[in-house]
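The values are calculated or read from the model by the stated rules, or taken from the named source; none is laboratory data. Everything quoted here is computed from the prediction, not taken from an experiment. Every residue, glycine among them, receives a Cβ derived from its backbone with ideal geometry; neighbour counts consider all protein chains shown. We work out accessible area using only protein heavy atoms, side chains counted, and drop any ligands, DNA or RNA first. Shrake-Rupley method; radii C 1.70, N 1.55, O 1.52, S 1.80 Å.
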Amino acid sequence: DEDAATYFLFDSREGYCDLFATAFALMCRAADVPSRVAVGYTEGEYNPSTKEYLVRESDGHAWVEVFLEGRGWMTIDPTPPAEITEAAQQARAGPSWLKKILGKMHFSWGVLFFCLLVCAGAVKVLWFDPWSEQRKWEKRLWTDMRGRITVLYARMCRLLARRGLLRQPWQTPLEYLEALSSDKEKMGAATGPAEELTRIFISARYAAEAAGPQNVAAAQRALQRLKQSLRRNGRLRFLWKKEK
C-alpha cells in the first residue's frame, strides 16, 4: 500500500529498470523538466556469423526521454549497468553448457530450416510421389484377374531391377527373359520362377481365358519362389566371395 517510486527512492533503493525510469521521470517533472517513460528493447546480442542482432525477451528495457529547450527530446537511461539483475544475465547467457555448444555452431537456424525443407521436398519428389503413384496404379489394376497378374509381373521386374537386372524400354517380356537367363551369376535358380511368371503374364496379356484365379495363384507362387531364390543366391554369392 505504498507508492512504488517513493518506496524505491527512500527505502529499497534497488530494483529493475522500470523503477529507475519511473523515479527519474518523476524527479524531472518535480524540477519542471518535461519527461516521459519509454519502453522497448536494447540492441541485443550481435551474431558475427549471421551479421544480425539477436533480441530476446530479457533485452526488454525502460528509459526516460526529457525535453530540453533548443535540443528537443533527449534519451536518458538512468539505470546504471551494475543494476542489471543476475536473473537477467542468466536469462541472456543461458546455461553454460548450452552457451558453449551454441558458440561452436557457426550457422544460421534459417539456413538449417531451409536445408531441411529442401531435403523433405527431395524425399517427397524422389521417393514418396513415385511410391504413391505406384500404389494407385496397382490398386486400379487389382480389380480383375488380368490386372493382378500384370501387377505381379511388374513387381518381379522392380525386384530384379534392384539387383542390377533392369528391363530396358525396348525389350519385350521374352527378350527380357532371355537376358535374365543369360546372367547365370545373378539369377541362378531364380531363372525358373522368372520364366514361369513371364509365361503366365504373356498368356494373360494376350489370351483372356488364361487370366483366371488359378493363374493368379500360380503367379503369386512363382513370385514368392523368385524372392526365395534371389535371397538364397545372394547368400551363396556372399559366401563364395568370402571364401575366395
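Quick notes on this structure:
- When residues of the stretch 167-211 are limited to those that are touching a helix residue (DSSP H, G or I) at 6+ places or on another chain (Cβ under 6 Å) and outside any helix (DSSP H, G or I), the one surrounded by the fewest Cβ atoms within 10 Å (Cβ to Cβ): R167
- Residue within the stretch 18-35 that is under 46 Å from the mean Cα position of the chain (by Cα) and of a type in the set (S, T, Y) present: no
- Residue in the stretch 69-86 that is at pLDDT below 85 and more than 45 Å from the chain's Cα centre (by Cα) present: yes
- Top-ranked residue in the stretch 27-48 [being open to solvent by less than 100 Å² (accessible area, probe 1.4 Å), in contact with a helix residue (DSSP H, G or I) (Cβ under 9 Å, 6 or more places away or on another chain) and among the aliphatic types (A, V, I, L, M); ranked as farthest from V64 (Cα to Cα)]: V33
- Test: residue in the stretch 132-144 that is open to solvent by less than 80 Å² (accessible area, probe 1.4 Å) and at pLDDT 85 or above: no
Okay, residues lined up against (1) without any contact (Cβ under 8 Å) to a residue 60 or more places away in the chain; (2) at negative phi; (3) polar (S, T, N, Q):
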{"site": "A179", "(1), (2), (3)": "yes, yes, no"}
{"site": "M187", "(1), (2), (3)": "yes, yes, no"}
{"site": "T191", "(1), (2), (3)": "yes, yes, yes"}
{"site": "A194", "(1), (2), (3)": "yes, yes, no"}
{"site": "R199", "(1), (2), (3)": "yes, yes, no"}
{"site": "S203", "(1), (2), (3)": "yes, yes, yes"}
{"site": "P213", "(1), (2), (3)": "no, yes, no"}
{"site": "A218", "(1), (2), (3)": "yes, yes, no"}
{"site": "L223", "(1), (2), (3)": "no, yes, no"}
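- Residues satisfying the stated conditions in the stretch 155-166, i.e. in a loop (DSSP other than H, G, I, E, B) and open to solvent by 40 Å² or more (accessible area, probe 1.4 Å): R162, R163, G164, L166
- Scanning the stretch 1-36 for residues that are in a strand (DSSP E or B) and touching a Ser or Thr at 6+ places or on another chain (Cβ under 6 Å) yields a count of 0.
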